[in-house]
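Engineer: I have a structure here, written as structure tokens, and I will follow up with some questions on it.
The values are calculated or read from the model by the stated rules, or taken from the named source; none is laboratory data. As the structure is a computational prediction, the values presented were derived from the model and not from experiment. So basically every Cβ, Gly included, is an ideal-geometry build from the backbone, and we count neighbours across all protein chains shown. Heavy atoms of the whole protein, side chains included, go into the accessibility calculation; ligands, DNA and RNA do not. Shrake-Rupley method; radii C 1.70, N 1.55, O 1.52, S 1.80 Å.
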Amino acid sequence: MSETLYERLGGEDAIAAVVDEFYDRVVADEQVAYYFEDVDMQQQRAHQTQFISSVAGGPIEYSGDDMKTAHDHLGITPSEFEAIATHLGDALAVFDVDEDDRQAVLEAVAGYQDDIVTAAD
């Protein structure tokens, strides 16, 4: 039986470490940091860990709002979505996640792009 992407990523603790690196990058990026100015980042990190764990095939179910509801009011543009995705890919690379698995995570997240991106560049 082959390992799930969740298992190849190292499980919840490893995904949480990636998420921490990811948000460190995001909040340092002036293009997108303002989205997180009034956000409880501890809660945000926990939600993102849960979300990535879930889309990676882990035993954790994402219990937050659906992606459309969670992002509809934010006015995220395609270039901002791309910036966020780049930060996620870079965070995965810091933890030596192999290229195929990085792409699998990014593809899983990209599947929600239509629900997240609600504004034009």
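Engineer: Report the accessible area of residue 72, computed with a 1.4 Å probe over the heavy atoms of all protein chains in place, in Å² rounded to the nearest 10.
Structural biologist: Spelled out: residue 72, probe radius 1.4 Å, area about 80 Å².
Engineer: Another one. Residue-wise, which Karplus ³J(HN,Hα) couplings in Hz belong to the range 14-29, taking 6.51 cos²θ - 1.76 cosθ + 1.60, θ = phi - 60°, and x for glycine or proline?
Structural biologist: Whole-Hz 3J(HN,Hα) from phi for the range 14-29: 5, 5, 4, 5, 4, 4, 4, 4, 4, 6, 4, 5, 4, 6, 8, 9.
Engineer: Residue by residue through the range 106-120, which ³J(HN,Hα) values in whole Hz follow from phi under the Karplus form 6.51 cos²θ - 1.76 cosθ + 1.60 (θ = phi - 60°), with glycine and proline marked x?
Structural biologist: 5, 5, 4, 5, 4, x, 9, 4, 5, 7, 8, 7, 10, 9, 8
Engineer: Could you tell me the relative contact order of the chain? Use alpha-carbon pairs under 8 Å, at least six residues apart, and round to a whole percent.
Structural biologist: About 33 percent, as a whole number.
Engineer: Of the listed values [x] 100; [y] 147; [z] 135, grab the one calculated as volume of the Cα convex hull per residue in Å³ from the structure here.
Structural biologist: Answer by label: [x].
Engineer: Pairing the Cα long axis of helix 41-55 with the longest principal axis of the chain, what angle in degrees results, from 0 to 90 and rounded to the nearest 10?
Structural biologist: Relative to the chain, helix 41-55 is tipped by roughly 50 degrees.
Engineer: Accessible area per residue for the range 26-78 in Å², computed with a 1.4 Å probe and the full protein assembly in place, what is it?
Structural biologist: Accessible surface, normalised per residue, equals 60 Å².
Engineer: With the full set of protein chains in place, find how many percent of the accessible area of the range 56-112 is carbon and sulfur; take the probe as 1.4 Å.
Structural biologist: Carbon and sulfur atoms account for 51 percent of the accessible area of the range 56-112.
Engineer: Dipole of the range 6-116, Cα-centred, from +1 at each Lys and Arg C-beta and -1 at each Asp and Glu C-beta, to the nearest 20 debye?
Structural biologist: About 100 debye.
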